[in-house]
Amino acid sequence: MSIADNIKSLNNETSNINVALLAVSKTKPVADLQEAYDAGQRLFGENTVQELVEKQEQLPQDIEWHLIGHLQTNKVKYIAPFISMIQSVDSMKLLQEINKHALKNNRVIDCLLQIYIADEETKFGLGFDEAIEFLRSEEYAALKNIRIRGLMGIATNTANEKQIKEEYYELKTFFDGIKTSFFRKDDTFDTLSMGMSADYKLAIEQGSNMVRLGSTIFGGRAKK
Ligand SMILES: *Cc1c(COP(=O)(O)O)cnc(C)c1O
């Protein structure tokens, strides 16, 4: 199937259940993104600042760009003018830097807290307790140019569906608890980004409302 066909069939699968589709276009050429765009796709995700900025310059301006990879504080300035959402916030230092550059650009930047749910030490993210501490802190309360829109999580890369389900179930439960405790009156805390090509159906079953799909849309990537 073509990229356009993949977009259409995924839209059929997700739009009527209010699950947003983020097209993860890392390593793919601009022509592939243009094809997805022409099929109606507007949400795109990249995992490095360099690739994101290069593509953003070449593609239509109404694309909503999401950063989904680890972000170094010294690179925030390159994306602050236009980024729609930073899904990989995993430290206060980073959030403060995002706030600083959002202020400079006279805007509010939407962010997700990345929560560590996988059974893999290589993955980034805040633990459950850390995230709670984070939201309770005075440092967080002082930041006026960022808005926490929800949570993002990456499950363990395993064929064990039961484990993946449990990890997503825990994240959904945590999301609901955080919403009640910290964002009860705040309708903009609304995004639970979980699910990739291998496990997005499980993630949706567990309550995801944003799936991040790369290979399902664009085909496989060469292994690094
Ligand atoms: C690469 C990536 C994805 C998409 O991966 P696929 O398996 O190709 O769907 C989703 N989320 C993050 C954080 C990624 O880095």
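When the criteria are applied in full, residue 113 meets the requirement of being in a strand (DSSP E or B) and closer than 20 Å to residue 65 by Cα. Scanning the range 30-76 for residues that are loosely packed, with under 15 Cβ neighbours inside 10 Å, aliphatic (A, V, I, L, M) and touching a helix residue (DSSP H, G or I) at 6+ places or on another chain (Cβ under 8 Å) turns up just one, 30. The condition of being more than 16 Å from the ligand (Cβ to nearest atom), of a type in the set (Phe, Trp, Tyr), surrounded by fewer than 21 Cβ atoms within 10 Å (Cβ to Cβ) and under 23 Å from residue 84 (Cβ atoms) does not hold for residue 169. Give the residue that is farthest from residue 46 (Cα to Cα), with candidates limited to residues of the range 209-224 that are within 12 Å of the ligand (Cβ to nearest atom) and polar (S, T, N, Q). It comes out as 216.
In the range 1-44, the residue that is nearest to residue 221 (Cα to Cα) out of those that are among the hydroxyl-bearing types (Ser, Thr, Tyr) and away from the ligand (no atom under 13 Å from the Cβ) is 2.
Which of the residues belonging to the range 45-73 are among the polar types (S, T, N, Q), away from the ligand (no atom under 16 Å from the Cβ) and either touching a residue at least 12 places away in the same chain (Cβ under 8 Å) or closer than 17 Å to residue 196 by Cα (or both)? Correct list: 56, 58, 73. Checked against (1) without any contact (Cβ under 8 Å) to a residue 60 or more places away in the chain; (2) of a type in the set (A, V, I, L, M); (3) surrounded by 15 or more Cβ atoms within 10 Å (Cβ to Cβ), residue 10 passes all but condition (1).
Just one of the listed residues (144, 165) is charged (D, E, K, R), modelled with pLDDT of 95 or more, out of contact with any Gly (no Cβ under 8 Å at 6 or more places or on another chain) and over 25 Å from residue 94 (Cα atoms), namely 165.
In the list 100, 104, 93, which residue meets the criterion of being surrounded by 15 or more Cβ atoms within 10 Å (Cβ to Cβ), among the basic types (Lys, Arg), at pLDDT 95 or above and more than 13 Å from the ligand (Cβ to nearest atom)? Criteria check complete, one pass: 100.
Would you check if residue 98 is within 21 Å of residue 142 (Cα to Cα), assigned to a helix (DSSP H, G or I) and in contact with a helix residue (DSSP H, G or I) (Cβ under 9 Å, 6 or more places away or on another chain)?
Numbers: within 21 Å of residue 142 (Cα to Cα): yes; assigned to a helix (DSSP H, G or I): yes; in contact with a helix residue (DSSP H, G or I) (Cβ under 9 Å, 6 or more places away or on another chain): yes.
Yes: the conditions hold for residue 98.
Scanning the range 185-208 for residues that are within 13 Å of residue 149 (Cα to Cα) and either at pLDDT 95 or above or within 12 Å of the ligand (Cβ to nearest atom) (or both) returns 188, 189, 190, 191, 192, 193.
The values are calculated or read from the model by the stated rules, or taken from the named source; none is laboratory data. None of the values given here were measured: they were computed from a predicted structure. Positions of Cβ are backbone-derived with ideal geometry, glycine not excepted, and every protein chain shown enters the neighbour counts.
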